Each structure stands twice: as C-alpha cells, then as structure tokens.
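Student: Mind having a look at this structure? Questions to follow.
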Amino acid sequence: MNRGVIFSFGTRPQKNQRRMAASASNSMSALASELRMLQPSTGSTSMPIARVNARNIQSAKPNRSTHSPSVHHVRQMAKIATAAQSGGLTSSTSHAALAICTRPGPLAPIVRPQSAGAFKARKVEPTRFRYFYNRGDLPVRVNFAGAVRKLQWQVDLSLLDFSHYLPVFMEGLRELEEPYHFLALNGTLDMLEKGGSRVLPCLPQLIPPMKANLMTRNQTVLCLQMKVLQRLVLSCPYTGEALVPYYRQLLSIFNLFITKRVNCGDSIDYAQRRQENLGDLILETLNILEKHGGVDAFVNIKYMIPTYESCMNRR
C-alpha cells in the first residue's frame, strides 16, 4: 500500500522562478554599480583605476575602420534602457552609460554620406513668360475651335519684334503647367520656323534662357530644350556656326546626362516615337551641332564632352 505518499505540485517551478529573479536582480545591481563607478565624481574627472584595463586602452586608440554594431553592443544598450526605465539608474548615470556605449569606435554604427544630387531636378521658379501672359502682354492665345487646340497669334509674325519676344518664349519652356507650357513651346517653334534670318541677330539674347532651362536638370525640360535647339540650328544656315562660341555655356549639362539611356534589354521601347530618351536626344543634338557648326565645331564639342566621337568622315 502506498501510505503517506504526498504529491506536491508547483514546488520546483517556484524555486526556478526565485532563482531567475535573484540572478536578474544581481545582474542589474552589478550593472548599476559598474555604471556608478564609470560616472565621474564632482571633484575629479579621471576614471577609477579599477576600470582602466586593456579593453579601455584598446578602445581609446583611433580606429581606422568602422563596423556595424555587434550583438553584445545591442544587448548592452537594451540592458541600460531597461535599467533606466525600472528606476535602478539615475538620469545622469543613464546618459553617461549611453554616451559610453555610443562613442565612436569599432562598435559605432555606420553613417552613410549624403548624395551630391548632381542629377536631381532643381526647383523651377516662375518665369517672365508666366508674368507677361497673366498681365496680357503676349499676343497669343489658345484656340479651342477644332478637335485639337491650336496656337493663335493676334498679330502678324512679320511685324513681331523677335529680339524682345523670342527670349521670353524661350524662357517659358521651363513652365510645365498649362496653358503656359503649350503656348511657350508652340510659340517658340512658330517663331523659329517663320523667322528665317531674323533669328540670327537674337542669338546672344537666347543663350541665358537656354542655359537656365538646361540647369533645371528636369528631364522634360531638357528634352524640350534639345528639340528647340535642333530647330534653332536648322532655322538659319549660319546659326550653327554662330553657336560655337557659346558651347562652354550650354554643353556642360550635355556631358552630365549623355549616359542617361534606357536599357530595356531585348524588349521594345514604344516611347521612342516621342523622343524622350535623354541620352539619345543629346547625341542627336551634338551630331546636328557638329554638322552645321563648321570646322571648329568638333574641337569645341570634344573639349566639353571628352567621350564624344565625331559623326563626320574625316580624312
């Protein structure tokens, strides 16, 4: 017979819980005492001799390479945060411990440098074209009479002062809002197409707005400016040669974006009919500048864009 047998449940788990609580309290008290020893006193600023060991001397040496924080570092930070929340540490002690754990060295996290933003689009400020159109000084308006909107001039282009209006319309190419975008683009193309030899005397006034358009680094504005520059070179036989002295003001952005091409592998880019591939458009514009720029065009293009190769057969 099993007489006097007493079954006790919960005795061993209670002992384990007590042991775990005692070990946790001992570790927290030891950590708090170590941090109090690390905290400098009021009268002296030196570290206690007991804490100066080989590890502290090694960490004081300058480190040339930085590494990601280790597992020990992360656990130490978690212990300090838990101790500060539970009230085992004072505020000054916790701040000192955090400063010690996050000091620069092999345990400090890697901070990546900021990018220079060479290809980042700049903010487009309101242009004179927007101001003049809102004030009613431009002789243009949008005609919605048909299925497709058209640009309607309120004055004959033969009576228009190109030296005043053409730079304003060229500056309006930076506008991306409607109706400014539509009016500036189509107005500039009409003036270049029907202006003929009247465009050449206005060339020095066209360089600042074209340079400002290129400096925006906006892909839409850059593509529009490339197309307009091609029309400008083809509008008059001598415009290409007259643009050669201004290559240093215009071709710096060409050199920056000449490698921006769409790599779609063996698939077909159906957007190529809109001519929005910036790298190909820049190369096409440079070829037109070289063909119509005379004998000095290639030398000046090569000076600004060292990777450019001539499209002419030179013997």
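Every read-out reported here was derived from the displayed coordinates using simple, explicitly stated rules and does not represent laboratory data. Everything numeric here is computed off the predicted structure, so don't read it as measured data. Neighbour counts run over all protein chains shown; Cβ positions are idealised from the backbone, glycine included.
Student: Six or more apart or on different chains, Cβ atoms under 7 Å: show the pairs whose first residue is in the range 119-143 and touching a residue at least 12 places away in the same chain (Cβ under 8 Å) and assigned to a loop (DSSP other than H, G, I, E, B) and whose second is charged (D, E, K, R) and surrounded by 15 or more Cβ atoms within 10 Å (Cβ to Cβ).
Tutor: Listed by first residue and then by second, the contacts come to Phe119/Arg217; Lys120/Arg217; Ala121/Arg217; Arg122/Arg217; Val124/Arg174; Thr127/Glu171; Thr127/Arg174; Thr127/Glu175.
Student: Ok, one more. Which residues, counting only those in the range 156-202, are surrounded by fewer than 16 Cβ atoms within 10 Å (Cβ to Cβ) and not in a helix (DSSP H, G or I)?
Tutor: Asp156, Asp161, Leu176, Glu177, Glu178, Pro179
Student: Among (1) closer than 13 Å to Leu232 by Cβ; (2) in contact with a strand residue (DSSP E or B) (Cβ under 6 Å, 6 or more places away or on another chain), where does Phe162 come up short?
Tutor: Phe162 satisfies every listed condition except (2).
Student: Another question about this same structure. Among the residues of the range 146-159, are any in contact (Cβ under 8 Å) with a residue 40 or more places away in the chain and farther than 30 Å from Met77 by Cβ? Reasoning before the result, please.
Tutor: First, the residues of the range 146-159 that are in contact (Cβ under 8 Å) with a residue 40 or more places away in the chain: none.
Within the range 146-159, none of the residues are in contact (Cβ under 8 Å) with a residue 40 or more places away in the chain and farther than 30 Å from Met77 by Cβ.
Student: If you check Glu193 against the conditions, is it over 25 Å from Glu309 (Cβ atoms) and acidic (Asp, Glu)?
Tutor: Here the answer is yes, as Glu193 does meet what is asked.
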